[in-house]
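Worksheet: one structure, shown below.
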Amino acid sequence: MLNFKLLGTAAGGGIPQWNCACKLCDLCRKSPEIVQPRMQLQASFSADAENWFLINASPDLRMQIEAHPELQPSSRLGKRNTPIRGIILTSADLDQVLGVLLLREFQPLTLYATALVREVLESNSFFRMLHRVPDQLTWVEISPQESFTLGGGITCTPIPFQGGLPYYARESHIEQPGQTTLGLVLEADGQRLAYTPSVPEVTDELRDLYDSCDAILVDGTFWSDEELSSTHAGTPLARSIGHVPMSGDDGTLSLLNNTSARQKIYVHINNTNPVLDPRSAEYKLVVDAGWQIGHDGWQLN
């Protein structure tokens with residue numbers, strides 16, 4: 001059985017964002033019962049509800065582990081242990097990897113990543129903290145479209161997306177197609193889930209993939225292409241930083257209108273996205289179209 005849970009659902013910075021007093025962040029601080037606070041995007045999954053794998057490692061990971069007992073150490077197993085068996089890194093973006101450094105307390109870790117993502121991270125001196133004792137860190141190389149099996153019989157298939165290296169790595173590393181940004185397809189006992197929180201383009205191949213899945217978790221970063229400029233003048237358009245917005249004839253609501261996936265969930269929601277307010281017209285459009293707005297703690301049915 002595929003046990004899948006979202007530990008966080010927000011884009012980088014979460015909501016409320018620490019330096020933002022926009023309408024939504026302000027409402028989240030003053031009326032959290034209306035606009036719920038959200039931690040940064042983080043997912044976990046397991047075949048047996050005992051041995052868990054993480055998809056990426058958010059900066060909020062320590063708090064997310066403490067909020068979910070199944071991810072915490074057990075006193076029955078000694079003073080130092082963890083049910084987390086591995087972490088799949090889908091990119092080298094800071095929002096996806098900083099949490100790894102929070103797990104540095106001499107705990108053996110297994111990281112699954114492309115060769116390029118490993119190269120980027122190991123070239124950073126911070127990651128030497130994960131090599132202080134023998135066998136503290138084990139790398140498992142993964143490649144686009146090459147499936148691999150995790151504990152309990154979950155099959156994981158990396159799906160390549162267009163996307164560049166994060167800003168901090170662009171000058172020192174050469175980009176390689178299919179190595180920088182991945183989505184994931186998880187399969188177990190006839191269940192099939194697509195995890196794609198960063199979608200730079202909706203292609204026919206992606207639509208076919210979604211149609212083959214029971215549940216799809218899709219990029220919900222922005223409602224509109226120019227959304228960021230509403231709070232940050234001079235900021236880039238959504239598409240220029242690798243996110244197809246929800247709205248418009250060329251947005252995901254329209255382009256994925258006919259997908260046959262039974263559950264459709266938006267994740268990686270930016271603090272500027274009006275769908276965070278359940279009273280908004282945008283939220284109603286999403287729900288009426290058969291989508292869910294992912295929330296912290298959401299689980300696959």
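Of note:
- Taken over the range 284-294, the residue count meeting the criterion of being touching a strand residue (DSSP E or B) at 6+ places or on another chain (Cβ under 7 Å), surrounded by fewer than 18 Cβ atoms within 10 Å (Cβ to Cβ) and not polar (S, T, N, Q) is 1.
- Of all residues in the range 194-230, those being buried (at least 17 other Cβ atoms within 10 Å of the Cβ), more than 18 Å from the chain's Cα centre (by Cα) and polar (S, T, N, Q) number 1.
- Scan of the range 181-200 for residues that are part of a loop (DSSP other than H, G, I, E, B) and either touching a strand residue (DSSP E or B) at 6+ places or on another chain (Cβ under 8 Å) or aliphatic (A, V, I, L, M) (or both), ordered by number: Pro197, Ser198, Val199, Pro200
- Answer residue from the range 231-242, given it is open to solvent by 10 Å² or more (accessible area, probe 1.4 Å) and outside any helix (DSSP H, G or I) and is nearest to Ser260 (Cα to Cα) among those: Gly242
- Strands (runs of 3 or more DSSP E) enclosed by the range 84-152 - at least 3 residues per element that are crowded, with 18+ Cβ neighbours inside 10 Å and of a type in the set (A, V, I, L, M): 84-88, 109-113
- Of note, Pro245 does not satisfy the criterion of being more than 15 Å from Leu41 (Cβ to Cβ), part of a loop (DSSP other than H, G, I, E, B) and open to solvent by 40 Å² or more (accessible area, probe 1.4 Å).
The rows are residues; the columns are (1) without any contact (Cβ under 8 Å) to a residue 40 or more places away in the chain; (2) within 15 Å of Ala11 (Cα to Cα).
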| residue | (1), (2) |
| --- | --- |
| Ile34 | no, no |
| Phe45 | no, no |
| Asn56 | no, yes |
| Arg80 | yes, no |
| Ile88 | no, no |
| Val97 | no, yes |
| Leu102 | no, no |
| Ala113 | yes, no |
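- Filter result (closer than 23 Å to Thr231 by Cα, in a loop (DSSP other than H, G, I, E, B) and open to solvent by 20 Å² or more (accessible area, probe 1.4 Å)) within the range 251-279: His268, Pro278, Arg279
- Number of residues in the range 159-193 that are open to solvent by less than 40 Å² (accessible area, probe 1.4 Å) and closer than 19 Å to Ser46 by Cβ equals 5.
The values are calculated or read from the model by the stated rules, or taken from the named source; none is laboratory data. Not measured: the values here are computed from a predicted model. With ideal geometry, Cβ positions are generated from the backbone for all residues, glycine too; neighbour counts draw on all protein chains shown. Heavy atoms of the whole protein, side chains included, go into the accessibility calculation; ligands, DNA and RNA do not. Shrake-Rupley method; radii C 1.70, N 1.55, O 1.52, S 1.80 Å.
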